[in-house]
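Take a look at the structure below.
The values are calculated or read from the model by the stated rules, or taken from the named source; none is laboratory data. What you see is a predicted model; the values in this text were computed from it and never measured. A quick note on method: Cβ atoms are made from the backbone with ideal geometry, for glycine too, and the neighbour counts reach across all protein chains shown. Accessible surface is based on the protein model in full, side chains and every heavy atom, while ligands, DNA and RNA are left aside. Shrake-Rupley method; radii C 1.70, N 1.55, O 1.52, S 1.80 Å.
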Amino acid sequence: MLDAEKARHELEAIELKIEELASGPADGATDAQIKQLREQIRGLQADFAGFTSAWKRVQLARHPQRPHTLDYVKHLFQEFTEIHGDRAFGEDPALVAGFARFHDEWVMVLGHQKGRDTTQKLHRNFGMPKPEGYRKALRAMRLAAKFRRPIISFVDTPGAYPGIGSEERGQAEAIAKNLMEMARLPVPIVVTITGEGGSGGALAIAVGDRILMLENAVYSVISPEGCASITWRDGQKAELAAEALKITAPDLIQLGIVDQMVPEPPGGAHTSHEEMARILGPMLHSALNEARRLPIAELLEARYQKFRRMGQFFREAAG
Amino acid sequence: MTWFRREKQRLRASESSQILTEGLWIKCDGCRQIIWKKDLEPSWNVCGKCNHHFRLDARTRLRLLLDDEQYTEHDAGLESTDPLNFVDLKPYRERLESAQQATEMHDAVITAEGKMGGRPAMVCAMEYSFIGGSMGCVVGEKITRAIERSIAGRVPLVIVSASGGARMMEGTISLIQMAKISAALARLDEARVPFISVLTDPTTGGVTASFAMLGDLNIAEPGALIGFAGPRVIEQTIRQKLPAGFQRSEFLLEHGMLDAVVPRSELKSFLIRSLGFLSS
């Protein structure tokens with residue numbers, strides 16, 4: 001445990017240095033320095049793989065006291081003003097969107113929202129959006145793009161809601177449209193996987209220039225329980241599935257899907273929302289500043305190439 | 001002294017006179033009739049009695065759609081390196097190998113170029129019998145390359161989907177392929193090169209929630225299962241039986257999610273007509 005804390009502190013210290021550098025003017029020397037520090041971080045992040053098991057992280061990611069989007073909003077943003085509705089069907093409380101000030105600058109904030117007690121959970125539909133939630137998100141993001149405001153997205157959902165209404169109103173189409181549009185929105189997008197990154201429902205607001213991921217968050221194509229019941233035909237094998245699916249931050253950094261890991265306070269993010277926000281804040285800021293250093297055309301090209309390169313795990317078979 | 005005497009040798013049917021009929025007949029899911037499989041071939045696997053559309057394998061699909069049944073295949077040898085080293089009851093590597101042997105393909109999609117109505121066309125056809133047509137990094141890469149070729153050569157794109165969604169055994173990597181392909185489609189859109197998505201039975205999960213719903217036109221074959229979540233998942237979530245016809249092509253058409261439901265016999269002419277309008 002001591003080692004974990006030491007690594008966390010080191011990681012934080014380097015991040016703070018990057019934040020300082022990234023807020024300065026853009027020049028070759030600084031960029032090179034940032035790049036070097038990022039390399040240093042890569043090495044450190046790999047150490048985190050051994051600290052906690054994947055299944056333990058799944059449980060931490062789902063912890064009812066874990067900070068949700070509106071908790072981060074409270075601690076990191078000022079003048080948050082929520083906007084509602086998809087202008088087509090309805091309002092979805094499982095996904096919140098609104099503008100706010102972040103380091104004296106207007107940004108669009110959006111994210112999945114889970115509830116804490118039963119009433120809230122039902123109101124937020126356990127953080128599982130319906131098509132109108134995703135369409136609201138896209139509307140908010142387009143609004144941001146129109147007025148050249150960056151987008152900050154928080155991902156924390158078990159998945160998009162699987163129900164009759166969702167299918168009738170085109171859950172698949174809503175998610176697909178977000179993926180296509182986020183790839184070309186002409187403003188910086190910073191994504192943070194804060195809790196559960198549940199499949200397509202998570203990805204639908206997770207295309208961006210920087211992908212951060214909390215130390216105990218998970219990001220997966222299917223829930224470990226779902227995977228276990230399909231492959232092992234036994235939902236009890238979820239622990240094995242969690243390990244096999246490689247869904248933790250250190251794993252996903254290794255696989256080139258996530259850029260940075262955000263350390264959590266000892267014991268997990270739920271132990272102190274303030275402390276968690278204090279660690280995440282500077283990292284969000286530096287990620288945003290780094291994205292902003294690029295002219296829009298270059299930013300979009302970099303975003304395209306970033307996703308284009310993901311999953312180069314194939315070979316040309318002979319014959 | 002017995003009245004009857006047993007022959008020394010038992011009577012035995014000669015093996016050569018047996019007729020093997022296993023796999024030659026098929027029961028139609030639509031009208032429950034038994035059909036001689038060969039009878040389905042001229043109608044491209046559509047039941048002559050009730051018009052039920054059986055699944056069509058990727059190669060036959062390409063022969064159906066491309067002029068003179070001629071096409072050039074791209075990236076045919078691309079195969080997955082099993083990035084997660086995934087093992088459940090059986091190693092993913094073994095699943096891949098047996099699928100490869102059964103289908104004589106390296107993964108679940110064929111990307112090909114040929115002519116459609118005399119004009120060049122890029123057609124991607126998914127193979128459902130290859131691990132449920134699931135999308136891993138190879139399917140993601142092949143389709144992305146096909147889109148990039150379409151952009152470079154200004155060749156119209158048709159993707160025929162038949163897939164259960166993202167391939168679980170490649171984890172988050174397969175999920176990300178949805179974003180990768182969609183990003184390439186954004187570029188195709190900007191280049192104003194047409195893309196028609198054809199959804200066939202079944203198209204669900206991450207494939208529906210990415211490229212299959214992003215066509216300039218989204219069309220489907222009759223009776224195809226199309227959805228985001230699978231019917232079983234929905235039933236378990238809402239604890240109700242689903243209504244008949246739920247998540248079928250006709251249901252999606254009714255809810256405004258498809259431009260048209262097109263029978264297989266008219267599919268090619270529909271595509272040619274549409275590309276006529278879409279190509280500037």
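Return a yes/no flag: does the range A:242-250 have any residue that is part of a helix (DSSP H, G or I) and within 8 Å of chain B (Cβ to nearest Cβ).
Scanning the range A:242-250, I find at least one residue that is part of a helix (DSSP H, G or I) and within 8 Å of chain B (Cβ to nearest Cβ), so the answer is yes.
Show the residue pairs meeting these rules: Cβ distance below 7 Å; 6+ apart or different chains; first residue within the range B:69-95 and more than 8 Å from every other protein chain (Cβ to nearest Cβ); second residue acidic (Asp, Glu).
As it stands, the answer is B:Tyr71/B:Glu113; B:Thr72/B:Glu113; B:His74/B:Glu113; B:Tyr92/B:Asp82; B:Arg93/B:Asp82, since those pairs meet every condition given.
Every residue, every condition in (1) touching a helix residue (DSSP H, G or I) at 6+ places or on another chain (Cβ under 7 Å); (2) not assigned by TED's automatic domain parsing to the domain that holds A:Phe77, yes or no:
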| residue | (1), (2) |
| --- | --- |
| A:Val262 | yes, no |
| A:Pro266 | yes, no |
| A:Arg278 | no, no |
| A:His285 | yes, no |
| A:Ala302 | no, no |
| A:Ala317 | no, yes |
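Has the range A:275-296 got any residue that is small (Gly, Ala, Ser), within 14 Å of another protein chain (Cβ to nearest Cβ) and either over 17 Å from the mean Cα position of the chain (by Cα) or open to solvent by less than 60 Å² (accessible area, probe 1.4 Å) (or both)?
Checked the range A:275-296: no residue is small (Gly, Ala, Ser), within 14 Å of another protein chain (Cβ to nearest Cβ) and either over 17 Å from the mean Cα position of the chain (by Cα) or open to solvent by less than 60 Å² (accessible area, probe 1.4 Å) (or both).
Just need a number here: residues in the range B:240-271 that are open to solvent by 30 Å² or more (accessible area, probe 1.4 Å), within 30 Å of B:Arg154 (Cβ to Cβ) and either of a type in the set (Lys, Arg) or more than 20 Å from the chain's Cα centre (by Cα) (or both).
Total satisfying the criteria: 1.
Looking at the range A:61-108, which of its residues are of a type in the set (A, V, I, L, M) and either within 24 Å of A:Arg135 (Cβ to Cβ) or at pLDDT below 95 (or both)?
Within the range A:61-108, A:Leu70, A:Val73, A:Ile83, A:Ala88, A:Ala94, A:Leu95, A:Val96, A:Ala97, A:Ala100, A:Val107, A:Met108 qualify.
List the strands (runs of 3 or more DSSP E) that sit entirely inside the range B:47-157 and contain at least 2 residues that are open to solvent by 50 Å² or more (accessible area, probe 1.4 Å). If you could, list the steps in order and put the result at the bottom.
On the way: elements: B:71-74, B:78-80, B:109-116, B:119-126.
Strands (runs of 3 or more DSSP E) meeting the threshold: B:71-74, B:109-116, B:119-126.
Among the residues of the range A:98-114, what is the count of those that are open to solvent by less than 60 Å² (accessible area, probe 1.4 Å) and out of contact with any Gly (no Cβ under 8 Å at 6 or more places or on another chain)?
Final tally of qualifying residues: 7.
Counting only residues that are over 19 Å from the mean Cα position of the chain (by Cα) and buried (at least 24 other Cβ atoms within 10 Å of the Cβ), how many does the range A:243-266 have?
Within the range A:243-266, residues that are over 19 Å from the mean Cα position of the chain (by Cα) and buried (at least 24 other Cβ atoms within 10 Å of the Cβ) number 1.
Can you run down the residue pairs with Cβ atoms below 7 Å, 6 or more apart or on separate chains, where the first is in the range A:206-226 and within 12 Å of chain B (Cβ to nearest Cβ) and the partner is open to solvent by 10 Å² or more (accessible area, probe 1.4 Å) and assigned to a loop (DSSP other than H, G, I, E, B)?
Qualifying pairs under 7 Å: A:Val207/A:Ala183; A:Ile211/A:Asp259; A:Ser223/A:Pro158.
Which residue pairs have Cβ atoms closer than 9 Å, lie 6 or more positions apart in sequence or on different chains, and pair a first residue in the range A:1-20 that is at pLDDT 80 or above with a second residue that is surrounded by 14 or more Cβ atoms within 10 Å (Cβ to Cβ) and among the basic types (Lys, Arg)?
A:Ile14/A:Arg38; A:Ile18/A:Arg38
Being within 11 Å of another protein chain (Cβ to nearest Cβ) and assigned to a loop (DSSP other than H, G, I, E, B) is the filter here; which residues of the range A:251-261 pass it?
Scanning the range A:251-261 gives A:Leu255, A:Gly256, A:Ile257, A:Val258.
Considering only the range B:160-167, I want to know if a residue exists there that is over 19 Å from B:Lys115 (Cα atoms), more than 9 Å from every other protein chain (Cβ to nearest Cβ) and open to solvent by 20 Å² or more (accessible area, probe 1.4 Å). Steps first, please.
Pass one, the range B:160-167, residues over 19 Å from B:Lys115 (Cα atoms): B:161-167.
Remaining after also requiring more than 9 Å from every other protein chain (Cβ to nearest Cβ): B:161-164.
Adding the requirement that they be open to solvent by 20 Å² or more (accessible area, probe 1.4 Å) leaves B:164.
The answer is yes; a qualifying residue exists.
So, in the range A:166-192, exactly how many residues are more than 19 Å from A:Asn125 (Cβ to Cβ), without any contact (Cβ under 8 Å) to a residue 24 or more places away in the chain and either more than 7 Å from chain B (Cβ to nearest Cβ) or open to solvent by 10 Å² or more (accessible area, probe 1.4 Å) (or both)?
Count: 1.
Condition test on A:Gly163, is it under 20 Å from A:Ala100 (Cα atoms), within 11 Å of another protein chain (Cβ to nearest Cβ) and of a type outside the set (Asp, Glu)?
Here the answer is no, as A:Gly163 does not meet what is asked.
Can you pull out the residues in the range B:215-239 that are facing chain A (nearest Cβ under 7 Å) and crowded, with 23+ Cβ neighbours inside 10 Å? Give the derivation first.
Taking the range B:215-239 and keeping what is facing chain A (nearest Cβ under 7 Å), we get B:227-229, B:233-234, B:237-238.
Passing the criteria: B:Gly227, B:Phe228, B:Ala229.
Among the residues of the range A:297-319, which ones are open to solvent by less than 50 Å² (accessible area, probe 1.4 Å) and not basic (Lys, Arg)?
Going through the range A:297-319, the residues open to solvent by less than 50 Å² (accessible area, probe 1.4 Å) turn out to be A:299-300, A:302-304, A:306-308, A:310-311, A:314, A:317.
The answer is A:Leu299, A:Leu300, A:Ala302, A:Tyr304, A:Phe307, A:Met310, A:Gly311, A:Phe314, A:Ala317.
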